[in-house]
Amino acid sequence: MSDFHYEKGADGVAIITWDVPDKSMNVMSFEGLEQLDAHVAAALEDDAVKGIVITSAKKDFAGGMDLNVLASLKDSAGDEPAKAVFDGIMRMHGVLRRIERAGMDPKTLKGAKPIAAALPGTAAGIGLELALATHRIFVADNPKAKLGLPEILVGLFPGAGGTTRLVRKLGAMGAAPLLLEGKMNDPKKAKAAGVIDEVVDDPLAAAKAWVLNAKDSDCVKPWDMKGYKMPGGAPYHPAGFMTFVGAAAMVHGRTQGVYPAAKALLSAVYEGALVPFDTALKIEARWFTHVMMNPSSAAMIRSLFLNKEALEKGAVRPQGVPDQKVHKVGILGAGMMGAGIAYVSARAGIEVVLIDAAQDAADRGKAYSEGLMDKAIGRGRATKEQKEDLLARITPTTDYAALKGCDLIVEAVFEDPKVKAEVTAKAQAVAGKDCIFATNTSTLPITELAKASVDAEGFIGIHFFSPVDKMALVEIIKGKETGDRAVAKALDYVRQIRKTPIVVNDARFFYANRCIIPYINEGVRMVAEGVEPALVENAAKLVGMPLGPLQLVDETSIDLGVKIAKATKAAMGAAYPDDAVDDVLFWMYDQGRLGRKSKSGFYAYDDKGKRTGLWQGLADKYPAQDDQPDVTEVQHRLLFAQVLEAVRALEDGVLMDIREGDVGAILGWGFAPWSGGPLSWLDMLGAARAVELCDGLTERYGKRFAAPKLLREMAEKGETFYGRFAPTAKAA
Ligand code: NAD
């Protein structure tokens, strides 16, 4: 079965249609590439063919390269993986370059057959790179279509000529947001940015008409003409020089140098700009190979693309449970979380009953959705009709009778077991026995809360992160008695609201909070020891954490930290290890410095709540030692505080699937995405080296850094997490 079909029209236009069998979205494979090349070759050789249109039979054009294929290219290449990747990429360049030159005489620049791309919808990655190699790009006037090169978001950069062509087409400045941020645009914006040529009602008809009328000069790319100059100037042009200096600084500022793809992309752009086009493609292929060979890129692709997608598609869903799609959800508590959960549910087309103790609180919860929709309308991302439809789906009320007919209830009232038990009983008295009951608690054990439920099997934790509309992860927690239908219901719901789920077992702080609290604590502990707070914060950022631990505690609020510390200490008694941390936190609390919300915390803030720098009072209370630790030492403390907790979670059976440990860490608390997650990072380091580092940290700072038994055993056996815990293992 072929991915591309060829058809020659009586008008002399050959149509090459992309239609990968059994897939809703086209993706490129190397077999597909060869089929495309054979069709292009046939059309170029056929005198009866006047021009070619490349299009798709699906509603979109293409989603990109099949990353599984790309990964296997390297993995199956034996001793020379780099050569295999480089050769594969150069073959791709060859095919696209044949399309671009289209039989043109290189001396006279005449005789090319016009080739146009007709895109019915989205074209991402190589989907757009293929179009960029044609002579003119027509896109359907479809505001839902997205056009762009998102490779950077999974640890790669556009390596099928997209980097070289876009920079030559738009200049480094124009191409920067598309390449460096992976920005996807709708057709009109893509046209305004100069990425595509025409937005039309019928791209196929328009493309056909164009190829029949195109002149020789329409089929020569500017970079194939004599005297081509890059828009905005090449690196040694005075204007270009400024662009490149600025871009290098900006990329380094954003990535802190830890993302190999961003650096490689910039090198490919810079070096490519100094040489002729075909040499630039070779340079692009070299840098692409360099990135593919970097373990960080492989780990990012694995976690941020392959495994994230697998989890979203139900990799850990219990088998044999019929579809549990949610039709009507009841949300108890219309506060910060309840309001957010109502919004994402209504956005997914689910009917929502939003309950609070007082009507005005319930109304405020609904108003939150209104505010978000108004913002979206202001940005041109939603219409008034969509807002009205969404709001019509939310019923704010104090009346529990409205919960009748709900097939899922999500409780998000105060973090108090008594209040939660009360609302659970009230809601279950109304909702039918088939209704699954979920709690959004962040700290209370699910198994305990389930005792207030009439049906522990149908009781589960669905833990959202704040702000609910932005955070992609949802942690699903199984209590001791939670049954498969509840797990399936939670997973199907998370899929409906288009978020990424992980399923974990019940234990203190579940998974994400369990790992993030030690990170915050380690940072605070260092302050108590006299480590410069700026060193702590910068070390964290330099290793790829989005927020330093002190900023993070300011964001989540210091009173919450104090509350959690008190509850943990009460639960652990004499074994509680964090008194040194509490000294600092409780002192801050006593000073009334509660974090960003009080415009005072570890950082100082201006009247508008903008951070103005670390708070000087901290240095007065906890003077810096003369001898400051090495930045790597600080980073190891901060990273190991998190990753050892992840290993313990796996050891304890809280984590059932390592993919969830890695994907959950990146999406849940932003764990250094370049690493692919905590377990991927340990694999990169090697278990033996990790144990050696743990031993040193234990000696210097205490037994919280002791290597877990599992890690030690893996070190002895020379194992890796991804080797030992096969990623296809089923959880849940
Ligand atoms: P919140 O204080 O903003 O909202 C709680 C809401 O519940 C309030 O509107 C309150 O009026 C309502 N409520 C209280 N008692 C009620 C009752 N008997 N009947 C009906 N409504 C009642 O709190 P929040 O931040 O939205 O947190 C809610 C839950 O979500 C907590 O369990 C919390 O631990 C959890 N959670 C919070 C976060 C976070 O970042 N804030 C993150 C994950 C989970």
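So, in Å, what gap is there between the alpha-carbon centers of region 680-702 and region 42-119?
First find each Cα centre; the distance between them is then 46 Å.
Kindly provide the trypsin sites (Lys or Arg not before Pro) of region 46-134 that DSSP labels as loop, not H, G, I, E or B, and whose Cβ sees at most 10 other Cβ atoms within 10 Å.
Passing both the DSSP loop test and the Cβ count: LYS107.
Determine by what factor the alpha-carbon radius of gyration of region 4-293 differs from 2.2 N^0.38 Å, reporting the quotient. Before the final figure, lay out each step's value.
Details: Rg = 18.2 Å, N = 290, 2.2 N^0.38 = 19.0 Å.
Against the compact-globule rule of thumb, the ratio is 0.96.
Once region 513-724 is represented by equal point scatterers at the alpha-carbon sites, with solvent omitted, what log10 I(q)/I(0) does the Debye formula produce at q = 0.08, 0.11, 0.15 Å⁻¹?
Each listed q corresponds, in turn, to -0.28, -0.53, -0.97.
On alpha carbon coordinates alone, what is the Rg over Rh value for region 579-627, Rh being the Kirkwood radius? Mind showing how you got there, number by number?
On the way: Rg = 11.6 Å, Rh = 11.4 Å.
Reported Rg/Rh (Cα atoms, Kirkwood Rh): 1.01.
Relative to the longest principal Cα axis of the chain, at what angle does helix 658-669 sit, 0 to 90 degrees, rounded to 10?
80
Which one of TYR259, LEU130, GLY9 has its Cα pushed farthest toward the positive end of the charge dipole of the chain, where Lys and Arg give +1 and Asp and Glu give -1 at the Cβ?
Ranked along the dipole, the leading option is GLY9.
Kirkwood hydrodynamic radius of region 55-167 from all distinct Cα pairs, in Å?
15.3
Hey, which of these cross-link pairs are over 30 Å Cα-Cα: LYS480/LYS569; LYS58/LYS226; LYS188/LYS375; LYS23/LYS191?
In this structure, LYS58/LYS226 lie more than 30 Å apart at Cα.
Placing +1 on the Cβ of each Lys and Arg and -1 on the Cβ of each Asp and Glu in the chain, which of MET225, ALA214, ILE477 has its Cα farthest towards the positive end of the resulting dipole?
The Cα lying farthest towards the positive end belongs to ALA214.
For a quick check: sort LEU449, LEU179 by the number of other beta carbons within 10 angstrom, fewest at the front.
Sorted ascending by nearby Cβ count, the order is LEU449, LEU179.
Counting Lys and Arg as +1 and Asp and Glu as -1, each charge on the Cβ, what is the dipole of the chain about the Cα centre in debye, to the nearest 20?
Result for the chain is approximately 1220 debye, rounded to the nearest 20.
Using only helices, what value at 222 nm comes out for the chain when you add -39,500 (n - 2.57) per DSSP H run of length 4 or more and divide by the total residues, to the nearest 500 deg cm²/dmol?
Details: 30 runs with 359 residues, N = 732.
So the helix-based figure for the chain works out to -15000 deg cm²/dmol.
How big is the convex hull of the Cα atoms of region 292-349, per residue, in Å³?
Per-residue hull volume (Cα only) is 142 Å³.
In region 611-689, how does Rg compare with the Kirkwood Rh, expressed as the Rg/Rh ratio over alpha carbon atoms?
1.11
Roughly what would the spin-label model give for ALA619 and LYS188, points 7 Å off Cα along C-beta, in nm?
It works out to 5.1 nm between the two label points.
State the Cα centre-to-centre distance between region 147-190 and region 527-559 in whole Å.
33
Counting other beta carbons within 10 Å of each Cβ, put THR164, THR698 in order, fewest first.
By the 10 Å Cβ count, ascending, the order reads THR698, THR164.
Give the Rg (one decimal place) followed by the Dmax (whole number) of region 285-385, computed from C-alpha coordinates and expressed in Å.
Reported Rg and Dmax, both Å: 20.3, 63.
Once you charge only the Cβ atoms, +1 for Lys and Arg and -1 for Asp and Glu, what is the size of the charge dipole of region 513-724 about its Cα centre, to the nearest 20 debye?
Result for region 513-724 is approximately 580 debye, rounded to the nearest 20.
Would you mind listing how long region 150-207 runs along its three principal axes, going by Cα atoms, in whole Å with the largest first?
Here the spans come out as 36, 23, 19 Å, largest first.
Which order do peptides 712-719, 423-430 fall in by mean Cβ count within 10 Å, highest first?
Values: 712-719: 15.4, 423-430: 17.5.
With the highest mean Cβ count within 10 Å placed first, the list reads 423-430, 712-719.
Taking Rh as the Kirkwood radius computed over C-alpha pairs, what is the Stokes-Einstein D of region 1-129 at 4 °C in a medium of viscosity 1.567 mPa s, expressed in µm² per second?
83
Beyond 29 Å between alpha-carbons counts as too far, so tell me which of LYS146/LYS541; LYS541/LYS597; LYS8/LYS59; LYS308/LYS426; LYS8/LYS221 fall in that bin. All intermediate terms of the calculation are to be shown ahead of the outcome.
Details: LYS146/LYS541 31 Å; LYS541/LYS597 22 Å; LYS8/LYS59 22 Å; LYS308/LYS426 37 Å; LYS8/LYS221 25 Å.
Check vs 29 Å cut-off fails for LYS146/LYS541; LYS308/LYS426.
Given N residues in the chain, what is its alpha carbon radius of gyration divided by 2.2 N^0.38 Å?
Cα-based Rg divided by the globular estimate yields 1.04.
With just the Cα atoms of region 136-280, tell me how far they stretch along each of the three principal axes, in Å, largest first.
47, 38, 23
In region 558-671, if every C-alpha pair distance is counted and binned at 10 Å from zero, what percent goes to each bin?
Bin by bin from 0 Å, the calculated values are 11, 27, 39, 20, 3.
Relative to a virtual label point 7 Å from the Cα of ARG508 in the Cα→beta-carbon direction, which members of region 519-545 show backbone nitrogen distances below 16 Å?
519-522
Give the Debye-formula value of log10 I(q)/I(0) at each listed q (0.26, 0.32 Å⁻¹), with one equal scatterer per alpha carbon of region 80-125, two decimals each.
Taking Cα atoms of region 80-125 as identical point scatterers yields -0.93, -1.06.
What is the distance, in nm, between label points placed 7 Å from the Cα along the Cα-to-Cβ direction at ASP627 and at GLU422?
5.7
In straight Cα distance, which aspartates and glutamates are under 17 Å from LYS144, not counting same-chain residues fewer than 8 positions off?
Cross-link targets: ASP60, ASP186, GLU198, ASP201, ASP202, GLU385.
Give me the distance between the Cα centres of region 317-389 and region 563-583, rounded to whole Å.
Between the Cα centres of region 317-389 and region 563-583 lies a distance of 37 Å.
In the structure shown, do any of LYS74/LYS169; LYS263/LYS610; LYS263/LYS499; LYS183/LYS470 have a Cα-Cα gap over 25 Å, and if so which?
Violating the 25 Å limit, Cα to Cα: LYS74/LYS169; LYS263/LYS610; LYS263/LYS499.
Once you put a point 7 Å from the Cα of GLN319 and another 7 Å from the Cα of ASP607, both along the Cβ direction, what distance in nm separates them?
In this crude spin-label approximation the distance works out to 6.5 nm.
Could you grab the Rg to Rh ratio for region 102-172? Cα atoms only, Kirkwood for Rh. Working shown, then result.
Values: Rg = 13.9 Å, Rh = 13.5 Å.
Rg divided by Rh gives 1.03.
So if I place +1 on the C-beta of Lys and Arg and -1 on the C-beta of Asp and Glu, and nothing else carries charge, what would the dipole magnitude of region 4-293 be about its Cα centre? I want it in debye, nearest 20.
Computed about the Cα centre, the dipole is about 940 debye.
Which semi-axes, in whole Å and largest first, does the equivalent ellipsoid of region 327-379 have when worked out from the alpha carbon gyration tensor as the square roots of 5 times its eigenvalues?
18, 14, 7
Quote the convex hull volume per residue of region 328-508, based on C-alpha atoms, as a whole number of Å³.
Convex hull of Cα atoms, per residue: 95 Å³.
FYI, it's all coordinate maths here, none of it is from the lab. Since the model is a prediction, treat every value here as computed from it, not as a measurement. No Cβ is skipped: glycine too gets one built from the backbone with ideal geometry, and neighbour counts run over all protein chains shown.
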